[in-house]
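Structure record follows, encoded as structure tokens.
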Amino acid sequence: TSWADVRDALGKNDVAIEIIAADNGYIDKNATPYYAALVLRKEWTTPKFVELCTANELKKLHDFGYNLYNAAHAPQLYAIIWGKLSKYLNDGDNIYFSPSGLLHQINVEILQDSQGNYANRRYNIQRVSSTREACFKKHPKERSHAALYGGLKYDMDSSAMLAQSAIYKIKNDYIATRGLLPDSTDRAGWNELSGTLEEVNNVQRLMRKCNINTTLFSGQIGTEESFKALSGKRIPIIHLA
């Protein structure tokens with residue numbers, strides 16, 4: 001698949017962005033390792049080459065971990081990614097975004113600029129392994145049913161666990177346990193996560209509005225066996241809170 005094939009597959013409001021992690025010698029053997037992007041729109045005769053940042057600049061931001069996404073650091077990364085690309089993008093564009101290097105480990109879609117604007121609210125961003133995926137149009141999947149897990153009871157005694165597991169007629173040749181039962185040391189078990197029940201209840205209400213049937217697994221019924229029993233049932237949506 002060539003870049004021209006990708007261009008020809010793009011629609012009017014589509015953009016293909018292929019990230020390059022340019023190590024020493026990849027493009028210029030004398031250059032400091034850096035990240036760049038190849039940007040492509042349907043009406044262009046060639047892709048645009050956009051240098052984004054040095055590899056060291058990106059690593060310093062990546063080292064902040066989850067703090068990278070807070071208001072103190074996110075705008076810095078937004079500026080060197082979406083800020084550098086913005087001259088080629090329009091609000092509402094559909095973007096095929098293929099990351100490379102450390103960008104595989106960063107959710108650039110939810111970065112916000114200095115005004116608090118999120119990238120995924122300005123653009124419709126689809127993360128792909130390669131922009132050549134634009135050439136292979138996928139048929140929409142049926143979204144008729146969903147399995148939702150949330151509000152689980154993690155600490156259960158073995159008899160309750162076995163009784164619940166037996167419903168699915170999956171062979172158990174191990175001692176049924178889940179969570180971390182209290183003991184005489186410093187372990188106090190796993191508490192239920194009340195927010196996850198609220199989450200799946202909200203998801204269930206939204207899906208019902210979209211005529212999507214849902215099966216909710218919460219409390220004691222959300223077992224490993226119930227999850228494995230979904231195998232082969234072709235459930236298009238599984239939500240784990």
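Computed values, structure above
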item	result
Single residue of the range 136-193 satisfying the filter (more than 30 Å from Arg208 (Cα to Cα) and hydroxyl-bearing (Ser, Thr, Tyr)) that is modelled with the lowest pLDDT	Tyr174
When residues of the range 11-26 are limited to those that are in contact with a helix residue (DSSP H, G or I) (Cβ under 6 Å, 6 or more places away or on another chain) and either part of a loop (DSSP other than H, G, I, E, B) or small (Gly, Ala, Ser) (or both), the one modelled with the lowest pLDDT	Ala21
Any strands (runs of 3 or more DSSP E) falling wholly within the range 80-173 and containing at least 3 residues that are touching a residue at least 40 places away in the same chain (Cβ under 8 Å)	94-98, 145-152
Given (1) within 18 Å of Ile20 (Cβ to Cβ); (2) surrounded by fewer than 13 Cβ atoms within 10 Å (Cβ to Cβ); (3) at pLDDT 95 or above; (4) not aliphatic (A, V, I, L, M), number of the condition Asn56 does not satisfy	(3)
Residue check for Ala72: farther than 22 Å from Ser130 by Cα and in a loop (DSSP other than H, G, I, E, B)	yes
Residue within the range 138-152 that is open to solvent by 90 Å² or more (accessible area, probe 1.4 Å) and under 26 Å from Leu58 (Cβ atoms) present	no
Some residue of the range 30-52 being in a loop (DSSP other than H, G, I, E, B), open to solvent by less than 40 Å² (accessible area, probe 1.4 Å), modelled with pLDDT of 95 or more and not aromatic (Phe, Trp, Tyr)	no
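Yes/no matrix, rows are residues, columns are (1) open to solvent by less than 40 Å² (accessible area, probe 1.4 Å); (2) farther than 26 Å from Lys12 by Cβ; (3) among the hydrophobic types (A, V, I, L, M, F, W, C); (4) in contact with a Lys or Arg (Cβ under 9 Å, 6 or more places away or on another chain):
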{"site": "Asp63", "(1), (2), (3), (4)": "no, yes, no, no"}
{"site": "Tyr69", "(1), (2), (3), (4)": "no, yes, no, no"}
{"site": "His73", "(1), (2), (3), (4)": "yes, yes, no, no"}
{"site": "Trp82", "(1), (2), (3), (4)": "yes, no, yes, yes"}
{"site": "Leu89", "(1), (2), (3), (4)": "yes, no, yes, yes"}
{"site": "Asn94", "(1), (2), (3), (4)": "no, no, no, no"}
{"site": "Pro99", "(1), (2), (3), (4)": "yes, no, no, yes"}
{"site": "Asn117", "(1), (2), (3), (4)": "no, no, no, no"}
{"site": "Asn120", "(1), (2), (3), (4)": "no, no, no, no"}
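The values are calculated or read from the model by the stated rules, or taken from the named source; none is laboratory data. Worth saying up front: this structure is predicted, and the values here are computed from it rather than measured. So basically every Cβ, Gly included, is an ideal-geometry build from the backbone, and we count neighbours across all protein chains shown. Side chains included, ligands, DNA and RNA excluded: accessible areas come from the protein's heavy atoms. Shrake-Rupley method; radii C 1.70, N 1.55, O 1.52, S 1.80 Å.
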